[in-house]
1. If you take all C-alpha pairs in region 1-71, what percent of them are over 20 Å apart?
2. Could you work out how much longer the chain between residue 111 and residue 91 gets when fully extended? Use 0.36 nm per residue separation minus the Cα distance between them, nm to one decimal.
3. Exactly which chymotrypsin sites (Phe, Trp or Tyr not before Pro) in region 59-128 are in a DSSP loop and have at most 10 other Cβ atoms within 10 Å?
4. Determine the share of the chain's accessible area contributed by carbon and sulfur atoms, expressed in whole percent, with a 1.4 angstrom probe.
5. Using only DSSP helix segments of four residues or longer, with each worth -39500 (n - 2.57), what per-residue ellipticity at 222 nm results for the chain after dividing by its residue count and rounding to 500?
6. Using a ≥ b ≥ c from the Cα gyration tensor of region 35-88 (square roots of the eigenvalues), is it rounded, prolate or oblate, where a/c under 1.5 gives rounded and otherwise the larger of a/b and b/c decides, a/b for prolate?
7. Could you check which residue among 39, 124, 66 shows the biggest mean-square fluctuation in a GNM of the chain with a 10 Å Cα cutoff?
8. Using only the Cα atoms, work out Rg/Rh for region 92-145, with Rh taken as the Kirkwood radius, to two decimals.
Amino acid sequence: TFTHIPGVGVQRIARSLAKLVDKIPRTARIHIVGHSLGGLVARWYVDELGGYQRVAQTISLAAPFGGAKAAEHFPFFVGADLHPESDLLARLRERARPDVPHVSIIGSADRVVFPVQNAFFGHGDRIVLRHRGHNTLLFDNEVARIVVDRVRHGVVKAA
């Protein structure tokens, strides 16, 4: 598992993630699952920091790839990254590496990342679960089943 201090930006957190992954044996098959900001961090690591060489797939839960309206109230630190018109989000969408599979999981009742389209990455599978909210996804049995299934049997990128 991996966590970060509140308020720091996506790029800084992704660099910390890179340091953690560097400690994992190179023969390991790595799947990164990120909730909310963590989904953005996972893709920044893969697409911008060379993580595509190590990561088999990424899975996001309620990640604001299209921005989060609440970010407008926090223009500094991470809020700048999450603003719907941020340069960081535009870069993630434009430079997405399709050779690292991605699954976007979103709850239809999410009131942090909405509309639903804002939680979808530029490529990969899209799964919308009805009646689930932003944090509900973290404790949902169906989400756990989907994640475990994708890690066990998901598309494995070609070498």
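1. Values: 565 of 2485 pairs.
More than 20 Å apart: 23 percent of the Cα pairs in region 1-71.
2. On the way: separation 20, 0.36 × 20 = 7.20 nm, distance 2.44 nm.
Gain in length upon complete extension: 4.8 nm.
3. Numbers: sites: 65, 76, 77, 120, 121; in loops: 65, 76, 77, 120, 121.
Those that pass, being in a loop and sparsely packed, are 76.
4. Details: 4790 of 8710 Å².
Carbon plus sulfur share of accessible area: 55 percent.
5. Numbers: 5 runs with 51 residues, N = 159.
Here the helix-only value at 222 nm equals -9500 deg cm²/dmol.
6. Numbers: a/c = 3.04, a/b = 1.96, b/c = 1.55.
It is prolate, given that a/c is not under 1.5 and a/b is the larger ratio.
7. Result: 124 has the largest fluctuation of those listed.
8. Details: Rg = 11.7 Å, Rh = 11.8 Å.
My calculation of the ratio gives 1.00.
The values are calculated or read from the model by the stated rules, or taken from the named source; none is laboratory data. The model shown is predicted, which means the values in this text are computed figures rather than measured ones. No Cβ is skipped: glycine too gets one built from the backbone with ideal geometry, and neighbour counts run over all protein chains shown. Please note that ligands, DNA and RNA were not included when accessible areas were found on the heavy atoms of the full protein model with its side chains. Shrake-Rupley method; radii C 1.70, N 1.55, O 1.52, S 1.80 Å.
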